[in-house]
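The values are calculated or read from the model by the stated rules, or taken from the named source; none is laboratory data. Just so we're clear, the structure is a prediction, and the values are computed from it rather than from any experiment. Neighbour counts run over all protein chains shown; Cβ positions are idealised from the backbone, glycine included. For accessibility, only protein heavy atoms count, side chains too; no ligands or nucleic acids. Shrake-Rupley method; radii C 1.70, N 1.55, O 1.52, S 1.80 Å.
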Amino acid sequence: FFEMSDTAAKAESTTEHSESGNVRPSHKRKREDAEDDAGAACGTAQNVWSDCCKETLVTGAQIDARLDELAVQIAEKHRGLPRPLVVVPILKGGVFPGVELVKRLGAKGCPCRLDFLWLASYQGTSSTGNVRLLADLQSSIEG
């Protein structure tokens, strides 16, 4: 879904180059045409989503609540450490929950930082049954 500005809503122009190298409008599209294009793109994405995702297993609100609970538990246990706590999400899927957890920990007075592990066990859409380390931590977590 996108919205067009008033100017763009009246007409969207494309350009062509003349023999002299000047750029001039070649045609104008109506707002309805642009909206039809956007609707078709959204419809396609929605169809793909609907075909792949039949039900919501965990809601965004449930994820937020669990991240809040984890942040409280971790902050109570690790607040006051001499060094920042290192949060280690697994790439690529763990990036967003990891970042959200770090933000919540910081808000609870628990200094922390992120480092990452990159693991793989899939080839295409099937698990190989073997977990491979693609990238290790960039810093020491001893202590």
Revision key, fill the gap. Per the filter on segment 54-104, residues outside any loop (DSSP other than H, G, I, E, B), open to solvent by 100 Å² or more (accessible area, probe 1.4 Å) and of a type in the set (Asp, Glu) are 76
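Per-residue answers, yes or no, for (1) more than 22 Å from residue 86 (Cβ to Cβ); (2) surrounded by 13 or more Cβ atoms within 10 Å (Cβ to Cβ); (3) out of contact with any Asp or Glu (no Cβ under 9 Å at 6 or more places or on another chain):
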| residue | (1), (2), (3) |
| --- | --- |
| 112 | no, yes, yes |
| 117 | no, yes, no |
| 125 | yes, no, yes |
| 131 | no, no, yes |
| 135 | no, no, yes |
| 138 | no, no, no |
Exercise for review: Could you grab me the full set of residues in segment 79-127 that are closer than 18 Å to residue 64 by Cβ and either modelled with pLDDT under 90 or of a type in the set (Val, Ile, Thr) (or both)?
Suggested key: 87, 93, 95, 99, 102
Review point. Within the set of pairs 6 or more residues apart or between chains, which connect a residue that is among the polar types (S, T, N, Q) inside segment 104-126 to a residue that is assigned to a strand (DSSP E or B) with Cβ atoms less than 9 Å apart?
Key: 121/127; 121/128; 121/129; 121/130; 121/131; 121/132
